[in-house]
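The values are calculated or read from the model by the stated rules, or taken from the named source; none is laboratory data. Owing to the predicted nature of the structure, the values given are computational and were not obtained by experimental measurement. When we count neighbours, we look across all protein chains shown, and the Cβ atoms used for this are built from the backbone with ideal geometry, even at glycine.
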Amino acid sequence: RAKGQPKASFHIWASDINARMHDRLAREVDLRQALLHERLEVHYQPQFAFDTGRMIGMEALMRWEQVPGQYVPPSEFIQLAEESGLIVDMGAWAVRQVTRQLASWLAAGLQPVPVAVNVSARQWTNGEIVQVVRLALRESAIPPALLRLEITETVAMGEGDQIIGLLHDIHALGIRLSLDDFGTGYSSLAYLKRFPLDELKIDRSFVTALPQDQQDAAIVHATVALARGLGLRVLAEGVETQAQAEFLAACGCDGAQGFLYSLPEMAEAAALRLQG
Ligand code: C2E
Ligand code: MG
Ligand code: MG
Ligand code: MG
């Protein structure tokens with residue numbers, strides 16, 4: 001092996017890392033600015049009940065308008081926000097934004113459906129979330145039942161008892177809790193007994209290959225049975241085809257959201273779906 005080789009490749013490796021770190025830092029600064037200057041938005045995706053066909057809720061999904069009219073989806077910035085800790089402030093902003101929106105829909109004489117806000121594990125370990133929600137409810141004066149929080153199984157892997165206490169505090173405020181992306185985490189099922197949940201959301205990864213895929217079909221059947229047994233509502237996400245919807249409804253799923261029904265849409269468009 002040539003003498004200079006390891007050194008040269010180390011050099012390339014180091015400058016590559018350096019460039020990536022620089023890139024990452026620049027993006028983080030950008031995101032911080034976006035939060036500060038209200039270039040983050042909340043879009044709303046409606047959720048429908050299979051039995052009545054009616055809209056039963058909406059999920060609030062964050063968007064970053066990095067360039068005017070161009071929205072960066074969370075899949076491209078939530079991880080960065082989580083790693084940098086920025087998610088704590090962004091998440092607080094999302095709760096406030098949604099409660100303000102609900103208050104303004106109510107003030108306009110509309111009848112809003114409950115809106116679900118995603119909350120990262122980091123926001124629970126930080127512990128501020130209960131205060132954030134309490135304040136947002138007080139400022140907006142909306143009925144607490146109009147707000148729902150979506151948590152993931154990763155929350156169950158954190159400092160168990162302390163977080164369970166926070167979940168109960170939230171629940172005591174009259175806010176309902178959904179378990180998002182069910183079955184994609186690494187936790188045991190034991191937490192299902194201890195979390196004050198009222199809904200399970202079947203992850204899109206189990207829905208995509210329905211109705212053909214036997215394994216996904218089995219997972220969906222088992223999830224619905226589990227939810228039923230625990231007295232929880234089950235919602236499927238990422239429903240894109242009529243065949244998927246029919247299969248899920250036949251399995252006993254309560255409802256769904258997905259591109260079959262609607263993309264996440266801006267508040268103004270979402271408002272048109274609400275009854276006056
Ligand atoms: P999630 O909470 O599981 O949200 C569902 C994601 O699936 C959304 O992606 C939504 O746009 C997408 N989706 C809905 N229906 C379909 C469909 O039929 N087909 C396909 N291919 N996708 C569909 P999005 O908006 O990119 O968000 C990705 C993830 O980012 C969310 O997954 C959630 O974990 C996170 N996220 C979004 N907003 C927030 C937020 O305000 N706070 C936190 N902490 N996380 C957020
Ligand atoms: Mg969600
Ligand atoms: Mg999900
Ligand atoms: Mg998902």
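Does Val220 satisfy the criteria of being part of a strand (DSSP E or B), crowded, with 16+ Cβ neighbours inside 10 Å and at pLDDT 95 or above? Here the answer is no, as Val220 does not meet what is asked. Residues in the range 69-127 that are in a loop (DSSP other than H, G, I, E, B), aliphatic (A, V, I, L, M) and within 14 Å of the chain's Cα centre (by Cα): Val119 only. Taking the range 96-128 as the search range and keeping residues that are modelled with pLDDT of 95 or more, within 23 Å of His168 (Cβ to Cβ) and of a type in the set (A, V, I, L, M, F, W, C), which one is nearest to ligand 3 (Cβ to nearest atom)? Per the criteria, the residue is Ala116. So which of Thr241, Thr208 ends up being surrounded by fewer than 17 Cβ atoms within 10 Å (Cβ to Cβ), hydroxyl-bearing (Ser, Thr, Tyr) and within 15 Å of ligand 4 (Cβ to nearest atom)? The unique qualifying residue is Thr208. The sole residue among Leu35, Leu25, Leu80 that is more than 29 Å from Gln257 (Cβ to Cβ), out of contact with any His (no Cβ under 6 Å at 6 or more places or on another chain) and of a type outside the set (Asp, Glu) is Leu25. For the residues Ile202, Ile164, Ile151, the requirement of being under 21 Å from Gly91 (Cα atoms), crowded, with 22+ Cβ neighbours inside 10 Å, among the β-branched types (Val, Ile, Thr) and out of contact with any Gly (no Cβ under 7 Å at 6 or more places or on another chain) singles out Ile151. From the list Pro73, Pro68, the lone residue that is modelled with pLDDT under 90, within 16 Å of ligand 4 (Cβ to nearest atom), closer than 20 Å to Glu28 by Cα and out of contact with any Ser or Thr (no Cβ under 6 Å at 6 or more places or on another chain) is Pro73. Residues that are more than 14 Å from Trp93 (Cβ to Cβ) and buried (at least 21 other Cβ atoms within 10 Å of the Cβ) within the range 114-137 comprise Val115, Ala116, Trp124, listed in sequence order.
Tell me yes or no: at least one residue of the range 56-65 is charged (D, E, K, R) and crowded, with 18+ Cβ neighbours inside 10 Å. Among the residues of the range 56-65, at least one is charged (D, E, K, R) and crowded, with 18+ Cβ neighbours inside 10 Å, which makes the answer yes. Looking across the range 179-194, the residues that are within 16 Å of ligand 2 (Cβ to nearest atom) and either buried (at least 22 other Cβ atoms within 10 Å of the Cβ) or more than 24 Å from Val239 (Cα to Cα) (or both) come down to Leu179, Asp180, Phe182.
Residues that are of a type outside the set (A, V, I, L, M, F, W, C), over 18 Å from the mean Cα position of the chain (by Cα) and not in a helix (DSSP H, G or I) were ranked within the range 241-260; the one that is farthest from Phe50 (Cα to Cα) is Thr241.
Ala256: closer than 22 Å to Leu147 by Cβ, in contact (Cβ under 8 Å) with a residue 40 or more places away in the chain and within 16 Å of ligand 3 (Cβ to nearest atom), yes or no? So Ala256 passes the test. Taken together, the criteria exclude Ala236 from residues that are modelled with pLDDT under 95, within 16 Å of ligand 1 (Cβ to nearest atom) and crowded, with 20+ Cβ neighbours inside 10 Å.
Regarding Ser15, is this residue part of a helix (DSSP H, G or I), modelled with pLDDT of 85 or more and out of contact with any helix residue (DSSP H, G or I) (no Cβ under 6 Å at 6 or more places or on another chain)? Spelling it out, it is not the case that Ser15 is part of a helix (DSSP H, G or I), modelled with pLDDT of 85 or more and out of contact with any helix residue (DSSP H, G or I) (no Cβ under 6 Å at 6 or more places or on another chain).
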